[in-house]
Amino acid sequence: MVGRVKLYISALQLENGELLLVVSPQFNANAIQDYALRWEIETLFSCLKGRGFNLENTRLTDPRRVKKLIAVLAISFCWCYLTGEWQHDQKKAIKIKKHGRLSMSLFRYGLDYVQMAIQRLIGFGKKLIAVLAISFCWCYLTGEWQHDQKKR
């Protein structure tokens with residue numbers, strides 16, 4: 001009993017030698033596994049809230065809209081995470097800090113890459129529209145547009 005509250009402690013020695021402790025008020029033979037699942041969900045919500053998507057800044061209150069937004073963000077999270085994993089494995093590995101952890105998360109690595117790709121795509125789209133507009137104006141001003149119409 002700790003402070004007159006009965007607690008159950010589960011422990012696991014991690015690969016790096018650190019000890020992971022999970023404390024709960026009820027016995028759970030799968031406490032470590034349950035904690036691992038919860039940790040993944042906590043990491044997801046952390047990324048949705050403050051590490052990239054800023055979910056709370058939307059100020060949505062309608063439950064249907066929130067539900068749809070979370071679905072889209074969950075898909076986006078998976079896209080960014082898998083992109084980060086691909087980048088790390090296939091392109092350029094994330095640097096490992098002295099304590100043995102990655103210098104940035106796979107999610108962040110993927111999010112940065114996806115953002116850059118979308119910005120390049122938008123930039124290309126703007127350039128394409130500008131080229132088409134200039135070409136149209138040139139044809140119109142030089143009479144090439146009418147010339148093409150007369151040939152038909």
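I'd like to know if segment 59-71 contains one or more residues that are within 17 Å of Tyr113 (Cβ to Cβ) and out of contact with any helix residue (DSSP H, G or I) (no Cβ under 8 Å at 6 or more places or on another chain).
Scanning segment 59-71 turns up no residue that is within 17 Å of Tyr113 (Cβ to Cβ) and out of contact with any helix residue (DSSP H, G or I) (no Cβ under 8 Å at 6 or more places or on another chain).
Within the bounds of segment 80-103, is there any residue that is of a type in the set (Gly, Ala, Ser), in a helix (DSSP H, G or I), under 18 Å from the mean Cα position of the chain (by Cα) and modelled with pLDDT of 85 or more?
Taking every residue of segment 80-103 in turn, at least one turns out to be of a type in the set (Gly, Ala, Ser), in a helix (DSSP H, G or I), under 18 Å from the mean Cα position of the chain (by Cα) and modelled with pLDDT of 85 or more.
Every residue in segment 11-26 that is surrounded by 10 or more Cβ atoms within 10 Å (Cβ to Cβ) and more than 29 Å from Ile96 (Cα to Cα), please.
Correct list: Val23, Ser24.
Being within 27 Å of Gly17 (Cα to Cα) and among the hydrophobic types (A, V, I, L, M, F, W, C) is the filter here, so list the residues in segment 80-104 that pass it.
Passing the criteria: Ala93, Ile94, Ile96, Leu102, Met104.
List the residue pairs whose Cβ atoms are under 6 Å apart, where the first residue sits in segment 36-63 and is part of a helix (DSSP H, G or I), the second is surrounded by 10 or more Cβ atoms within 10 Å (Cβ to Cβ) and among the acidic types (Asp, Glu), and the two are 6 or more positions apart or on different chains.
Final answer for the pair search is Lys49/Glu56.
Which one of these is at pLDDT below 85, surrounded by 12 or more Cβ atoms within 10 Å (Cβ to Cβ) and closer than 30 Å to Glu18 by Cα: Phe107, Phe45, Phe77?
Just a single option satisfies the conditions, and that option is Phe45.
For segment 30-37, check the following and say yes or no: at least one residue is farther than 30 Å from His99 by Cβ, of a type in the set (S, T, N, Q), exposed (fewer than 13 other Cβ atoms within 10 Å of the Cβ) and out of contact with any Ser or Thr (no Cβ under 7 Å at 6 or more places or on another chain).
no
For Ile70, which of the numbered conditions (1) part of a helix (DSSP H, G or I); (2) surrounded by fewer than 13 Cβ atoms within 10 Å (Cβ to Cβ); (3) in contact (Cβ under 8 Å) with a residue 12 or more places away in the chain fails to hold?
Looking at each condition in turn, Ile70 falls short on (2).
Return the pairs, sorted by first residue and then second, in which the second residue is of a type in the set (D, E, K, R), the first residue lies in segment 84-104 and is farther than 14 Å from Met116 by Cβ, the beta carbons are less than 7 Å apart, and the residues are 6+ apart or on different chains.
Filtered contacts from segment 84-104: Ser103/Lys95; Ser103/Lys97.
Can we say Phe124 is touching a Cys at 6+ places or on another chain (Cβ under 8 Å) and modelled with pLDDT under 90?
So Phe124 does not fit the description; no.
The values are calculated or read from the model by the stated rules, or taken from the named source; none is laboratory data. Everything quoted here is computed from the prediction, not taken from an experiment. Don't worry about glycine lacking a Cβ; one is built from the backbone with ideal geometry, like all the others, and counts go over all protein chains shown.
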